[in-house]
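Notes follow the structure.
The values are calculated or read from the model by the stated rules, or taken from the named source; none is laboratory data. In this text the structure is predicted, and so the values were computed from the model without any measurement. Every residue, glycine as well, gets a Cβ built from its backbone with ideal geometry; the counts of neighbours run over all protein chains shown. Each accessible area value is taken on the protein alone, full model and side chains, heavy atoms only, with ligands, DNA and RNA left out. Shrake-Rupley method; radii C 1.70, N 1.55, O 1.52, S 1.80 Å.
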Amino acid sequence: MSEQTRISHSKELLLPTDIDGYNSLAELALDMCWTWNHATDQVWQQMDPELWDLTQNPWVVLQTVSLETLNRALAEPALRKKIDDLVQARRDVTGAPAWFQQAHPQSSLNCVAYFSMEFMLGEALPIYSGGLGNVAGDQLKAASDLGVPVIGVGLLYQKGYFRQEIDKDGVQQSLFPYNDPGQLPITPLRKPNGEWLRLEIALPGYSVWLRTWQVQVGRVKLFLLDSNDSANYPAHRGITSELYGGGPELRLKQEMLLGIGGWRLLSALNFEPEVCHLNEGHAACAVLERARSFMDKTGQSFEVALAVTRAGNLFTTHTAVAAGFDRFSPALIEQYLGRYAEQKLGITLHDLLALGRLNPDDASEAFNMAYLAIRGSGAVNGVSRLHGKVSRHLFAPLFPHWPLEEVPVGHITNGIHVPTWDSAAADSLWTRACSKDRWLGTMETLEQDIRSVSDASLWKFRTSTRKKLIEYARHRLSNQLAASGASPQAVEAAKYLFDPDTLTLGFGRRFASYKRPNLLLHDPDRLLRLLSNTQRPAQLIIAGKAHPADLAGQALIQQWIRFIRRPEVRPHVIFLSDYDMLLTQHLVQGVDVWLNTPRRPWEACGTSGMKVLVNGGINLSELDGWWAEAYAPEVGWALGDGQEHDDDLAWDAVEAEALYDRLEREVIPEFYSRDEQGIPSAWVARMRESMALLTARFSTNRAVREYTEQHYLSAASAFRQRAADNGAMGVDIVNWRHELDQHWGLLHFGDVNIKTDGKKHIFEVPVYFDDLNSEAVQVELYADGVNGGAAERAAMQCMRRLVGTTNGHVFCAEVSAARLATDYTVRLIPKRDGTVVPLEATHILWQR
């Protein structure tokens, strides 16, 4: 039979969907809970062991195997029963009440829309770059575990973030393989009539059509948009080509598609989220589109619509330096959002630009997406305690004359989704000690339970996972060297590098100057001596990418490669290329010590070190980000003095020497100090404390519960209150702000009278309100906090009206005389029930 005949006859073959049982397999393959629940792994491995080992992608296996293989597998009674049981178990879990339903059964919270530029769910869906996507993906997974009603909104990138190769000269090469949607665990969103749901977004010249997709993540759905539609102008098809690629114009278009397109997609799907969670400022355009949607429903103005909808918006900032915020030129904003502002929002270009500027009247000032997010949200938070403080400094200019501590930025420290990052051995150990459902509730007993594990069990576990990492590293490195054109001898030698019984250090992250990935190379000879000590050796695994446009970061990688290629160094240090989620999992599961050396306070949080906790790894890290609040001597080692330093180079040298000292004098000796059973008892004690005290505390289980109870529930309630009666409360808030704007400049004080009576100071002060209703203002005494404590605030009471004055009143307050009367001053701030001050009204007037 000819090839042509075979091809034509192939059309008569059965489709996979015609096979009984295929839909059950598809249901399992399309739920990305297999990235943390490995109950289905055996099914896919049995169908195609080699392909499963290469991809770890059930959907690829299902799309690739032959019909004969599918028929044979599904005809096997034991396997068919296992598949049916897995499907039923999945449905039972997703349909059962979880923590949220049990803890908040009367809650009116129905939907939280979580917008993010990237999501790290698994290697099967490579639409992430690093930390931001890690947080987004792990929080979606935790929302599924806990039953929190979250839906994700993001973009589907044709190429995603770049893949890395190190060439024979040690230079990073950037590769952009195509993400074939047919091999991704996603499905097109379709209308009831079967038509693909597509959205039209107006851009200058040509509209852009967006295709829509769904990803199932346990109980949670993630919706994705992409512009690679055949109906689009060729340049528009590439808008969603690369994550963090191109220049400002492409970035602005991506952010418009995410924010405006994302909110319209939710409307098209009949979702009405009470809460919109902006994971970084990239998604800030959702603020505008949400307000526009409310305008369409109610006929209210944009100003009123924003006052109503912002109550349901939460902005999480991940940026620790002002230069990290997305800024766009006024010309770009006019080009792409000018018509939208005038025709859809009913505001002028000047009014739109004012939302993203510090000075609305500075025509040269760029449009800051973080400013838009703040002015469109009811709450703002950083991602660690230290980052909250840093963010208050960054955003202080938006709140002139307010004390730094009152700049309205709180914090919820990030966490990681523990079941995604624990090894099989770690899962087994924790299950024996703490039960299988340990990450699904409030985790109160985990600290006590894990402390019951014996030294011998912990050390056996740590030894086995280190060995598994070494085996993986050898295999990956040998393939890496072969691909780069290394000699057969080098490729073969890589298969025998490293010793499974040697202390193994890990360092993996983006190579950027502020992360100081080359701090260990400050004194290369000392580092080599430290690693090659014959009595107490250590070995180091490094991984990381530098952005294709970051030449300085790429130079740091090349510096490491040159060092590693020295013959005397090769046995002790390896660099594994293409740092991705799979490589991260192997590293964090197997290393003994995780190193992190950012320049404080530039690490907003950092989550890589959290991932080693469940796996028995110990952190040696700069006192920055999460480690600044996690560190205690019994759980790991700290680098730095917990302060910021201006002379970067001089301080880098100091910290490099301190890092060598810490390794030589504390870390390495403790690892090799063994008892009569060969167990390093002090090391295991530190390991146990790290696992017990930190694992649950720095998990997304804790973080998502905090977001729910500190923000989602209250934001949903506030939005519903403001949206009631066609947004009447929003009208009142706008009128209140207008009154403040009109009259605030005329408010003034009379002379303050202070009497000290024994144990208290009594303050009296006349306040003149012009034509402003005095009920719109809070009069209070204020004193700065002492020794890092909270500031003192005491509301002053209106005692009498001043006859013969224009709205003059006398206010009085008593405070303890434990402090000097001169410590206190009187101030005026806006007051209105149900509003957040100073986030929604920045006015303030000090008596002195």
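Looking only at residues of segment 232-252 that are of a type in the set (A, V, I, L, M) and within 24 Å of the chain's Cα centre (by Cα), we find that the one that is most open to solvent (accessible area, probe 1.4 Å) is L250. Pairing residues of segment 754-778 that are among the acidic types (D, E) with residues that are open to solvent by less than 80 Å² (accessible area, probe 1.4 Å) and not in a strand (DSSP E or B), at Cβ distances under 6 Å and at least 6 apart in sequence or on separate chains, gives D770/H743; D771/H743.
Given the condition open to solvent by less than 20 Å² (accessible area, probe 1.4 Å), among the basic types (K, R) and at pLDDT 95 or above, answer yes or no: does some residue in segment 261-269 qualify? Checking segment 261-269: not a single residue is open to solvent by less than 20 Å² (accessible area, probe 1.4 Å), among the basic types (K, R) and at pLDDT 95 or above. If you go through segment 378-406 and keep only what is over 21 Å from R827 (Cβ atoms), open to solvent by less than 10 Å² (accessible area, probe 1.4 Å) and assigned to a helix (DSSP H, G or I), you end up with H387, G388, S391. Taking segment 428-461 as the search range and keeping residues that are crowded, with 18+ Cβ neighbours inside 10 Å and either within 16 Å of G617 (Cβ to Cβ) or among the charged types (D, E, K, R) (or both), which one is modelled with the lowest pLDDT? So, considering only residues that are crowded, with 18+ Cβ neighbours inside 10 Å and either within 16 Å of G617 (Cβ to Cβ) or among the charged types (D, E, K, R) (or both), the one modelled with the lowest pLDDT is R438.
Taken over segment 200-231, the criterion of being under 24 Å from P273 (Cβ atoms), in contact (Cβ under 8 Å) with a residue 60 or more places away in the chain and open to solvent by less than 20 Å² (accessible area, probe 1.4 Å) is satisfied by I201, V215, V217, G218, V220, L222, F223, L224, L225, D226.
If we only count helices (runs of 4 or more DSSP H) wholly inside segment 577-684, which ones have 1 or more residues that are closer than 27 Å to R392 by Cβ and not hydrophobic (A, V, I, L, M, F, W, C)? Before you say what the answer is, go through the steps one by one.
Numbers: elements: 581-590, 608-611, 627-630, 648-662, 668-672.
In segment 577-684, the matching helices (runs of 4 or more DSSP H) lie at 608-611, 627-630, 648-662.
A count restricted to segment 426-441 and to residues that are without any contact (Cβ under 8 Å) to a residue 60 or more places away in the chain and either in a loop (DSSP other than H, G, I, E, B) or in contact with a helix residue (DSSP H, G or I) (Cβ under 8 Å, 6 or more places away or on another chain) (or both) stands at 8. Within segment 468-492, the set of residues being in contact (Cβ under 8 Å) with a residue 60 or more places away in the chain and either in a helix (DSSP H, G or I) or of a type in the set (K, R) (or both) comprises K468, L469, I470, Y472, A473, R476, L477, Q480, A483.
Counting the residues of segment 150-166 that are in contact with a Phe, Trp or Tyr (Cβ under 9 Å, 6 or more places away or on another chain) and among the hydroxyl-bearing types (S, T, Y) gives 1.
If you take the residues of segment 618-662 that are of a type in the set (D, E, K, R) and under 17 Å from G506 (Cα atoms), which of them is surrounded by the fewest Cβ atoms within 10 Å (Cβ to Cβ)? Steps first, answer last, please.
Applying the first criterion (of a type in the set (D, E, K, R)) to segment 618-662 yields 622, 624, 629, 634, 641, 644, 646-648, 652, 655, 657, 661-662.
Okay, now just the ones that are also under 17 Å from G506 (Cα atoms), so 622, 662.
Working: E622: 27, R662: 16.
Taking the candidates together, the pick is R662.
Of all positions in segment 584-595, at least one carries a residue that is open to solvent by less than 40 Å² (accessible area, probe 1.4 Å) and within 22 Å of T319 (Cα to Cα).
Remark: P397 matches the filter, which requires a residue to be free of Cβ contacts under 8 Å to residues at least 40 places away in the same chain and within 20 Å of I844 (Cα to Cα). Cβ separations smaller than 9 Å between residues 6+ apart or across chains give the following pairs from segment 37-55 residues that are over 14 Å from L25 (Cβ atoms) to residues that are open to solvent by 40 Å² or more (accessible area, probe 1.4 Å) and not in a helix (DSSP H, G or I): T55/E123. The single condition from (1) more than 17 Å from the chain's Cα centre (by Cα); (2) open to solvent by 10 Å² or more (accessible area, probe 1.4 Å); (3) among the hydrophobic types (A, V, I, L, M, F, W, C) that L156 fails is (2).
Looking only at residues of segment 540-552 that are surrounded by 21 or more Cβ atoms within 10 Å (Cβ to Cβ) and not charged (D, E, K, R), we find that the one that is farthest from F575 (Cα to Cα) is A546.
Yes/no matrix, rows are residues, columns are (1) under 15 Å from L155 (Cβ atoms); (2) in a loop (DSSP other than H, G, I, E, B); (3) under 27 Å from the mean Cα position of the chain (by Cα); (4) at pLDDT below 95:
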position	(1), (2), (3), (4)
Q254	yes, no, yes, no
F271	no, yes, yes, no
C276	no, no, yes, no
M295	no, no, no, no
V304	no, no, no, no
V308	no, no, yes, no
A311	no, no, yes, no
I333	no, no, yes, no
Y336	no, no, no, no
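Residue under question is R562, and the condition is that it be more than 30 Å from A424 (Cα to Cα), assigned to a loop (DSSP other than H, G, I, E, B) and basic (K, R); does it hold? Give the derivation first.
Values: more than 30 Å from A424 (Cα to Cα): yes; assigned to a loop (DSSP other than H, G, I, E, B): no; basic (K, R): yes.
So R562 fails the test.
All of S690, S717 fail the test of being out of contact with any Pro (no Cβ under 8 Å at 6 or more places or on another chain) and open to solvent by less than 10 Å² (accessible area, probe 1.4 Å), apart from S690.
Looking at segment 83-100, can you tell me whether even one residue there is modelled with pLDDT under 90 and farther than 15 Å from S144 by Cβ? Explain how you work it out, then say what you get.
Step one: of segment 83-100, the residues modelled with pLDDT under 90 are none.
Looking through segment 83-100, none of the residues is modelled with pLDDT under 90 and farther than 15 Å from S144 by Cβ.
Which residue is surrounded by the most Cβ atoms within 10 Å (Cβ to Cβ), if the candidates are limited to segment 168-191 and must be hydrophobic (A, V, I, L, M, F, W, C) and closer than 28 Å to F271 by Cα? Among those that are hydrophobic (A, V, I, L, M, F, W, C) and closer than 28 Å to F271 by Cα, it is I186.
Which residues, counting only those in segment 678-717, are among the β-branched types (V, I, T) and over 16 Å from Q101 (Cα atoms)?
Restricting attention to segment 678-717, the residues satisfying the condition of being among the β-branched types (V, I, T) are 679, 684, 695, 700, 704, 708.
The answer is I679, V684, T695, T700.
Conditions tested, residue by residue: (1) part of a loop (DSSP other than H, G, I, E, B); (2) touching a residue at least 12 places away in the same chain (Cβ under 8 Å); (3) of a type in the set (G, A, S).
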| residue | (1), (2), (3) |
| --- | --- |
| A73 | no, yes, yes |
| K82 | no, yes, no |
| V87 | no, yes, no |
| R90 | no, yes, no |
| T94 | no, yes, no |
| P97 | yes, yes, no |
| S108 | yes, yes, yes |
| Y114 | no, yes, no |
| L121 | yes, yes, no |
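Scan segment 799-848 for residues that are buried (at least 17 other Cβ atoms within 10 Å of the Cβ), among the aliphatic types (A, V, I, L, M) and in a loop (DSSP other than H, G, I, E, B) and the total you get is 4. In segment 664-687, the residues that are surrounded by 13 or more Cβ atoms within 10 Å (Cβ to Cβ) reach residues that are among the β-branched types (V, I, T) and assigned to a loop (DSSP other than H, G, I, E, B) with C-beta atoms within less than 8 angstrom, at least six apart or across chains, in these pairs: R686/V635.
In segment 723-745 there is at least one residue that is more than 37 Å from the chain's Cα centre (by Cα), in a helix (DSSP H, G or I) and either among the basic types (K, R) or surrounded by fewer than 14 Cβ atoms within 10 Å (Cβ to Cβ) (or both). Could you please find all residues in segment 693-714 being crowded, with 22+ Cβ neighbours inside 10 Å and of a type in the set (G, A, S)? Passing the criteria: A696, S699, A703.
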